[in-house]
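Beneath this line is the structure, given in C-alpha cells, with notes to follow.
The values are calculated or read from the model by the stated rules, or taken from the named source; none is laboratory data. No experiment lies behind these values; they were computed from the predicted model shown. Cβ placement follows ideal geometry from the backbone for every residue including glycine, while neighbour counts extend to all protein chains displayed. Ligands, DNA and RNA are stripped out before the accessible areas are found, and what is left, the full protein with its side chains, is counted by its heavy atoms. Shrake-Rupley method; radii C 1.70, N 1.55, O 1.52, S 1.80 Å.
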Amino acid sequence: MLLFGMSFILSELFNLLQYIPSNETLNSMAEKEIKFGQLPSLGFFLSLVLFGPLFEEFIFRGIILKGYLENYSPKKALIISALVFGLAHMNIYQFITASISGLFYGWLYLKTKSIIPCIFAHSINNSIDFIVINLLQIKIPNYILISDTSQFQPLWFDILGIALVIISIYQLKKIFKN
C-alpha cells in the first residue's frame, strides 16, 4: 500500500519536474520501454525489477548506509545515504524521487537490520508502473508520463497516493512498535 501511494505521489512530483530542461537520453529510453498495453523487453524488466534492486540495495543500504551508521547518528546516516542514492541516478528527475525512495528503503533497513526487505520493497516499487500500466491496464491521465509539456494527474489520484502513504506509515509504525 505504501509503495503504491509513493508511486502515485512520485509520479506527480515527476510531472512537476518536467519544468526543468529534460534529459533526452532518459526520456527516449523510457518512452521505448514504458508504453500502455505493451510489455517491456525482458532484459529491461529484469534489470529494473530484479538486478537493479539487488545491486542498489547491496551497495546503498548494505555497504553505504551500514558504513555511515558506524560514524554518524542513524538520522544523519539515513539522510546522507538517501542523497547519495539520489545522486547515483545522475539526473534531476530521479535525484529527487530516488532520494525520497532512498529514505524509505533506509528507514526499512534501520528497522529490520536486513537488506532483504529493502530489496523486496525496491523491486515492488520498480514494478508498480508496469503492473498499473501493462497488467491492470489502468489509464490514469499523466501517471508515469514523460513529455516535453507538463500536465498533472487528477487531484483524486494525488489524494489517494497521500492517503495510502499516511495509512501505511501508521500501520508500519504499529508493526515495528511491536
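Residue check: is S7 of a type in the set (S, T, N, Q) and modelled with pLDDT of 95 or more?
Criteria not met by S7.
Which count do you get for residues in segment 39-70 that are in contact (Cβ under 8 Å) with a residue 12 or more places away in the chain, open to solvent by 100 Å² or more (accessible area, probe 1.4 Å) and farther than 18 Å from S99 by Cα?
Residues flagged as in contact (Cβ under 8 Å) with a residue 12 or more places away in the chain, open to solvent by 100 Å² or more (accessible area, probe 1.4 Å) and farther than 18 Å from S99 by Cα within segment 39-70 amount to 1.
For the subset of segment 46-63 comprising residues that are more than 17 Å from T112 (Cβ to Cβ) and among the aliphatic types (A, V, I, L, M), which member is modelled with the highest pLDDT?
Within segment 46-63, the match that is modelled with the highest pLDDT is I59.
Could you list, ordered by first residue, the pairs with Cβ atoms under 8 Å in which the first is in segment 99-124 and touching a residue at least 40 places away in the same chain (Cβ under 8 Å) and the second is among the acidic types (D, E) and surrounded by 16 or more Cβ atoms within 10 Å (Cβ to Cβ), at least 6 apart or interchain?
Y105/E57; I115/E57; C118/E57; I119/E57; H122/E56; H122/E57
From the set of residues in segment 71-95 that are small (G, A, S), at pLDDT 95 or above and surrounded by 18 or more Cβ atoms within 10 Å (Cβ to Cβ), which is nearest to M1 (Cα to Cα)?
Once the filter is applied, the top-ranked residue is A82.
Considering (1) under 30 Å from E70 (Cα atoms); (2) buried (at least 19 other Cβ atoms within 10 Å of the Cβ); (3) modelled with pLDDT under 80, say which one A98 fails and leave the rest.
(3)
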